[in-house]
Amino acid sequence: MYLITSGSAVIGLGVATAVIIAIELTVFFNQQKSSLLANVSTQQDKITLKSNNEILENISRQANSELVYRVTLKNAPIGKKLNLSCN
């Protein structure tokens, strides 16, 4: 059995340990972020004209008005930026 005492082996072991810790922290924080986003849901939503906040029941394609989809989120993480999209 050989005893490794060279400085380069110790440095290599330290680098490998640092890489493993960095990977584990990345996975942990990504899981935390996914968990927070999984709890976000819609509390209230409505379609309005850009010029006012009245709920639209019927939309005329000929009016050429700009529509806005307004949504209130429930359980959204405070202080975090969310990337939202409509399907």
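The values are calculated or read from the model by the stated rules, or taken from the named source; none is laboratory data. Fair warning: this is a prediction, and the values are worked out from it, not measured in the lab. Backbone-built Cβ (ideal geometry, glycine too); neighbour counts: all protein chains shown. Areas reflect the complete protein model, heavy atoms only, side chains present, ligands, DNA and RNA absent. Shrake-Rupley method; radii C 1.70, N 1.55, O 1.52, S 1.80 Å.
Out of curiosity, is residue 76 within 18 Å of the chain's Cα centre (by Cα) and surrounded by 10 or more Cβ atoms within 10 Å (Cβ to Cβ)? Steps first, please.
Values: within 18 Å of the chain's Cα centre (by Cα): yes; surrounded by 10 or more Cβ atoms within 10 Å (Cβ to Cβ): yes.
Judged against the criteria, residue 76 is a match.
Would you check which residues across the range 41-65 are among the hydroxyl-bearing types (Ser, Thr, Tyr), open to solvent by 100 Å² or more (accessible area, probe 1.4 Å) and under 22 Å from residue 85 (Cβ atoms) and list them? Write out each step before concluding.
Step one: list which residues in the range 41-65 are among the hydroxyl-bearing types (Ser, Thr, Tyr), which gives 41-42, 48, 51, 60, 65.
With the extra rule that they be open to solvent by 100 Å² or more (accessible area, probe 1.4 Å), the set shrinks to 51.
Answer for the range 41-65, where residues must be among the hydroxyl-bearing types (Ser, Thr, Tyr), open to solvent by 100 Å² or more (accessible area, probe 1.4 Å) and under 22 Å from residue 85 (Cβ atoms): there is none.
Name the single residue, out of those in the range 1-26 being among the polar types (S, T, N, Q) and modelled with pLDDT under 80, that is most open to solvent (accessible area, probe 1.4 Å). Working first, answer last.
So the first thing to find is which residues in the range 1-26 are among the polar types (S, T, N, Q), and the list is 5-6, 8, 17, 26.
Next, from what is left, pick out any that are modelled with pLDDT under 80: 5-6, 8.
Values: 5: 110, 6: 55, 8: 91 Å².
Top of the filtered list is 5.
With the requirement that a residue be modelled with pLDDT of 75 or more and open to solvent by less than 80 Å² (accessible area, probe 1.4 Å), what does the range 27-36 give you?
Across the range 27-36, the qualifying residue is only 27.
How do the pairs read when you match residues in the range 50-73 that are basic (Lys, Arg) with residues anywhere that are open to solvent by less than 100 Å² (accessible area, probe 1.4 Å) and not in a strand (DSSP E or B), using Cβ under 9 Å and keeping only pairs 6 or more apart or on different chains?
That search, which allows pairs on different chains as well, returns 50/65; 70/53.
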